[in-house]
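**Q** First, the structure itself, so that you have it in front of you.
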Amino acid sequence: MARRQRLSETQLAELFEPPTEQRELVRHYTLSDADLAAIRRCRGDHNRLGYALMLCYLRFPGRALRVGERPPTPLLVFVAAQIEALADCIDEYLATERNRQRHAIECQEQLGLRPFGKLAAAEVTEALLVQAIENDRLSFLAEAVMQECRARGIVVPSPAALERLCADLRHGARREAHRRLTGRLSAEQRKRLDALTEHREGSSLSWLAWLRQMPEAAKPFVDRAAPEHPSLLDEGQQVEHELSNGRDAWLQVAAGFVKVNDNALKQGDGAGIRQESKITITAEEPAEILLFDLG
């Protein structure tokens with residue numbers, strides 16, 4: 001059984017710890033008039049500072065201040081100055097766990113945040129499926145999940161829950177990519193694809209393994225000039241890709257009908273491209289393609 005990939009300590013810190021640069025402090029932690037009004041209702045400077053910090057943490061990175069967690073000094077000083085309190089009074093606040101728990105609930109209600117759970121996880125997974133198909137690196141998915149949670153008003157998951165969600169998202173994306181590529185293929189087309197796993201004559205490598213051992217392994221190419229989802233083309237849409245220094249490419253048509261430099265390709269067709277400096281792909285009808293830059 002393959003081990004699930006884990007985020008490094010550095011990656012976790014980047015995702016879950018508050019920033020300390022002055023520009024980011026101003027961007028994320030400048031308190032509004034509504035914030036200040038709610039903070040003033042707390043009794044004592046230590047509670048006012050703790051409540052203000054809880055608001056800040058729930059906004060960004062999107063989690064509650066943890067038990068006994070002392071915020072970084074630049075953040076403490078920046079927030080304390082806004083409410084005219086001493087930064088050192090945070091120690092008194094952290095010594096009283098009950099207030100921290102109560103403030104976490106109250107601040108979530110004030111900000112209109114939802115807790116992270118099964119329904120929230122399913123919502124985020126569905127929203128990020130297309131992005132995960134195009135890029136399933138763990139670090140990319142983790143950042144995307146955090147951003148999506150903040151955008152949807154959901155408290156971000158714990159590090160362990162985040163890693164599980166990313167693993168599920170990656171698995172779902174790969175299954176969906178497989179379905180899109182093979183679901184509408186004929187038996188003959190499937191047979192041709194299966195042939196790529198057979199050993200090359202006089203070699204112990206399959207054609208796919210041989211491709212992966214090239215100086216630059218085949219990587220899916222995504223044309224950033226296309227609108228939102230580059231592999232999905234609308235009827236009449238045209239994209240271009242330059243092949244510099246004699247690079248080769250492979251185009252696979254998962255759905256629809258396209259022309260590649262005036263050569264027609266339909267659903268299930270694939271074409272190797274050599275000795276071309278540039279290829280132009282035109283969708284004759286709504287189409288879905290994958291272009292591999294083989295190097």
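Just so you know, all these numbers are worked out from the coordinates, no wet-lab data involved. What you see is a predicted model; the values in this text were computed from it and never measured. Methodologically, a virtual Cβ is constructed for each residue, glycine included, from the backbone with ideal geometry; neighbour enumeration extends over all protein chains shown.
**Q** To make sure I understand the rule: partners must be aspartates and glutamates, Cα under 18 Å from the Cα of Lys278, and not fewer than 8 residues away in the same chain. Which ones qualify?
**A** Within the straight-line limit of under 18 Å, Lys278 reaches these aspartates and glutamates: Asp223, Glu240, Glu242, Asp248, Asp262, Asp293.
**Q** Which one, Leu58, Ala195, Asn135, is farthest towards the positive end of the dipole of the chain when Lys and Arg carry +1 and Asp and Glu -1 on their Cβ?
**A** Leu58
**Q** Rank these for me by crowding, Glu92, Glu109, going from fewest to most other beta carbons within 10 Å.
**A** Going from sparsest to densest Cβ surroundings: Glu109, Glu92.
**Q** Once you have the Cα-Cα distance between Lys118 and Ser158, take 0.36 nm times their residue separation minus that, and quote the gain in nm to one decimal.
**A** 13.1 nm
**Q** So what's the back-of-envelope 222 nm ellipticity for the chain, counting only DSSP H runs of four-plus at -39500 (n - 2.57) apiece and dividing by all residues, rounded to 500?
**A** Theoretical 222 nm ellipticity from helices: -14500 deg cm²/dmol.
**Q** Taking Cα centroids, how far is segment 264-295 from segment 75-91 in Å?
**A** 59
**Q** Can I ask one more? Throw me the Rg/Rh for segment 1-105, computed over C-alpha atoms with Kirkwood Rh, two decimals.
**A** Computed over Cα atoms, the ratio is 1.03.
**Q** Extension gain Gln147-Val26, at 0.36 nm per residue separation less the Cα-Cα distance, in nm?
**A** 41.7 nm
**Q** Where both residues lie in the chain, what percent of DSSP beta bridges are antiparallel, nearest 5?
**A** Approximately 95 percent, going by the DSSP bridge assignments.
**Q** Counting Lys +1, Arg +1, Asp -1, Glu -1, what net charge surrounds Glu9 among other residues with beta carbon under 15 Å of its beta carbon?
**A** -2
**Q** Quickly work out the Ser204-to-Arg180 label distance, labels modelled 7 Å from Cα along the C-beta direction, and quote it in nm with one decimal.
**A** 3.7
**Q** What length, rounded to one decimal in nm, is gained on full extension from Arg6 through to Ala264, with 0.36 nm per residue of separation minus their alpha-carbon distance?
**A** Here the segment from Arg6 to Ala264 would lengthen by 88.5 nm.
**Q** Can you give me the span-like helices of the chain, meaning DSSP H runs with 30 Å or more of Cα extent along the axis and Kyte-Doolittle mean at or above -1.0?
**A** 159-182
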